[in-house]
Amino acid sequence: MNELAKSKIYQLLETIQDESILKQVMEDVAFYASKADSVDHLTKGQLKELDAAISEADLGKTISWDSYKKDLDEWRKK
């Protein structure tokens, strides 16, 4: 199966002409080939915070970029 899968991937890559798509495929493959996930190094508490943040974002509980920049500028002045 391993060689068959590689062969099919090679054939698919040979048909792609768009350089930006090839670069994206390369980045995606490199990510999965590393077998490391960025959340693997997070603590249980950090994972809980991440899940909460994702839930809030899914519910639309976010602020605008401009609001964030304004808040950040105010925080820097303190």
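The numbers here are math on the coordinates, done by the rules we state, and not lab data. What you see is a predicted model, and the numbers here were worked out from it, not measured in a lab. Glycine gets a Cβ as well: all are built from the backbone with ideal geometry, and neighbour counts include every protein chain shown.
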Hits in the range 30-45 (condition: under 17 Å from the mean Cα position of the chain (by Cα) and on the phi < 0 side of the Ramachandran plot): ALA30, PHE31, TYR32, ALA33, SER34, ALA36, ASP37, SER38, VAL39, ASP40, HIS41, LEU42
Starting from residues that are polar (S, T, N, Q) and in a helix (DSSP H, G or I), keep the ones in the range 6-22 and report whichever is nearest to ALA33 (Cα to Cα). SER7
Scope the range 23-48; condition charged (D, E, K, R) and part of a helix (DSSP H, G or I); matching residues: LYS23, GLU27, ASP28, ASP40, LYS44, LYS48
Do we find a residue being on the phi > 0 side of the Ramachandran plot and loosely packed, with under 10 Cβ neighbours inside 10 Å anywhere in the range 9-29? no
